[in-house]
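Below you'll find the structure, written out as structure tokens, and then a few comments.
Please treat every number below as a calculation from the coordinates, not as lab data. Just so it is clear, the structure is predicted and the values come from calculations on it, not from any experiment. Positions of Cβ are backbone-derived with ideal geometry, glycine not excepted, and every protein chain shown enters the neighbour counts.
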Amino acid sequence: MDLYYGQIETPINTKLLNDPQKLGALLQNIPLGRLGQPKNVASLVTFLASSEADYITSSTFFMDGGLLWNYQEQ
């Protein structure tokens, strides 16, 4: 099982978050129009670790607000 995620709003992205031009350019490439939150990743991990997901195998989950689908090189 694979989990791919786009830009998640965490301290590691502080430089990006403090650069309005770069942040704006990134957000234009994310169809949902926002960065992901740590709780978004935690919710998926919690689900996958639960018995509700016990029949899921060999799956790839993309958690990126649509960034991969809409990505354009900057």
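A few notes on this one:
- For Phe62, the residues 5 or more places off, or on other chains, whose built amide H falls under 5 Å of its own are Tyr4.
- Spin-label model, Leu32 to Leu44: label points 7 Å out along the Cα-to-beta-carbon direction sit 0.8 nm apart.
- Just so you know, the Cα atoms of region 2-70 work out to an Rg and Dmax of 13.9, 43 Å.
- Calculated FRET value between Ser51 and Asn13, using beta carbons and R₀ = 30 Å, to 0.05: 0.35
- The chain - mean residue ellipticity at 222 nm from DSSP helices (-39,500 (n - 2.57) per run, n ≥ 4, rounded to 500): -10000 deg cm²/dmol
- Contact order normalised by residue count of the chain, Cα under 8 Å, 6+ apart, percent: 53
- Here the extension length gained between Phe61 and Ala25 equals 10.5 nm, from 0.36 nm per residue of separation less the Cα-Cα distance.
- Of the peptides 19-32, 50-63, the ranking by mean beta-carbon count within 10 Å, highest at the top, reads 19-32, 50-63.
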